[in-house]
Amino acid sequence: MSHHDDYVQAPGKLITPVTVVLALLVAFAFAVAGYRFVTSIGAVSNLNDGYPWGVWLAYDVSIGTAFACGGYALAIICYILNGWKYHPMIRSAVVASMFGYALAGTSVIIDIGRYWNVYNFFVPSQWQPNSIMFEVALCVMAYTCILIIEFLPAVLEKLATFKDGFFKSMALFVAPKLDKVLIFIIALGMTLPTMHQSSLGSLFIITGYKLHPLWQTNFLPLLFVSNALLMGLSIVQFEVGLSSAGFKRPYEYEALEIARFIPFVGAFWLAIRVISLVVGGKIGYLFTSGFHSAMFWIETALIVIPIVMFATKLTPRKAFFMAMMLCFGGGLYRMNVYLVGFNPGDEWNPYFPSVVEFMLTYGFIALEVLAYIILSRLLKLLPKAHAAGAH
């Protein structure tokens, strides 16, 4: 699928002040997760029967998987739109996506009350194919496996540099065979996110009146898919800018060319958003819902402003900050659907995450960043300057 000469390892040491801080956050998160498993979900969270899905699912699953759609977005550009010149950028995006989806699945296990029953997911007799949640779980697990397979060429390239031995022989044997079937794996990998991202929206259609009218619509599946693609394109810009500064390497100017897709995807999402409000007769809620109206306008501003700015002349700095704003806006939209706009009834106290819930979420984010840094410095994941078109 690609030549190993297109990629390089990130320069720098593995142990730095940044990686040490990240490792401490990860260690704390592991300690919290361990405490949760030996006690109960109630011991570490503010969840209740009215709000059974807290910040772990809202961020790690809903928002986190959208952030992890950079590989999905680049795959569409490279393999469907025939943008092969951007192919050297896809490996680092796939790695980020792999961690995002793997940790989403992990957070679900932590969030499940009776986590010891999770094995039932792998028992066909326990499956419920009519369940949206089952479809989401199946697709997330399958897509995580797909991303791992897409990541394997980088590992095999490293093993092939070993001295003669089992690992080198295995790498040289497996690599050409994997290369022949990888395009079919990638095709499946572009299908699965479309399925489960739409289902993440469908989950809240069935909440009915419990979800505020500003976000409740039958268009939720389409809104979530287009939102995931928009955030995937944005996170590519963010990661390119961050890796360029963090690893002190040339900026990948092809990212600015990829950014031209953002206004089109953003305009599509906004059009569906407006149509859903008009068709549902919900325009009045934009100004009469108090806190919810304010959250709607903040979310909209954080999305509209960068979309407009991406349609103008871009610089690396401008693309980075606009992408960061768009990620905040797209993430806030999903947070509004999953938590802010959700009200199970007046008999339940409003849910607000505990300090421990926040720390576990921060720990998961730290784990993603730390793992990305480590793998980038051990394996050839980043585009070589000439392959990325650095200017």
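Every number in this text was worked out from the coordinates using simple rules, so none of it is lab data. As the structure is a computational prediction, the values presented were derived from the model and not from experiment. For neighbour counting, all protein chains shown are included, and Cβ atoms are generated from backbone atoms with ideal geometry for every residue, glycine included.
Descriptive notes on the structure:
- In terms of packing, defined here as the mean over residues of other Cβ atoms within 10 angstrom, the peptides 120-126, 62-68 line up highest first as 62-68, 120-126.
- For the peptides 250-262, 36-48, 276-288, the ranking by mean Cβ contacts within 10 Å, running from highest to lowest, is 250-262, 36-48, 276-288.
- Modelled spin labels at L81 and F264, positioned 7 Å past Cα toward Cβ, are 0.5 nm from each other.
- Highest-first packing order for the peptide set 93-104, 211-222 is 93-104, 211-222, based on the mean count of other beta carbon atoms within 10 Å.
- Residue order, fewest to most surrounding Cβ atoms within 10 angstrom, among K13, K85: K13, K85
- Net charge of neighbours whose Cβ lies under 13 Å from the Cβ of S226, counting Lys and Arg as +1 and Asp and Glu as -1: +2
- Length gained when the stretch K313-Q9 is fully extended (0.36 nm per residue, less Cα-Cα span): 106.4 nm
- For the chain, built as a Gaussian network whose Cα springs stay under 10 Å, the top-fluctuating residue of L379, L24, L360: L24
- Listed by Cβ neighbour count within 10 Å, with the fewest neighbours leading, D6, D179, D111, D164 appear as D164, D179, D6, D111.
- Calculated FRET efficiency, F173 to L378, Cβ-Cβ distance, R0 = 25 Å: about 0.70 to the nearest 0.05.
- Taking every alpha-carbon pair under 8 Å whose residues sit at least 6 apart, the range 4-388 reaches a relative contact order of 34 percent.
- You can think of it this way: the chain between W297 and F352 has 17.7 nm of extra reach, that is 0.36 nm per residue less the Cα-Cα gap.
- Neighbour cut-off at most 11 other Cβ (10 Å), DSSP loop, GluC sites (Glu not before Pro), the range 283-362: E347
- Dipole of the chain, positive direction: furthest Cα of G290, W127, I146, with charges on the beta-carbon: I146
- Springs join every pair of Cα atoms under 10 Å in this Gaussian network model of the chain, and among M133, M231, M325 the largest mean-square fluctuation is at M133.
- Helical runs assigned H by DSSP (4 residues or longer) give the chain a calculated mean residue ellipticity at 222 nm of -21000 deg cm²/dmol, each run adding -39500 (n - 2.57) before division by the residue total.
- Calculated FRET efficiency for the pair A43/T191, C-beta based, R₀ 35 Å, to 0.05: 0.30
- Set of lysines with alpha-carbon distance to K163 below 28 Å, sequence-local pairs under 8 removed: K13, K177, K180, K380, K384
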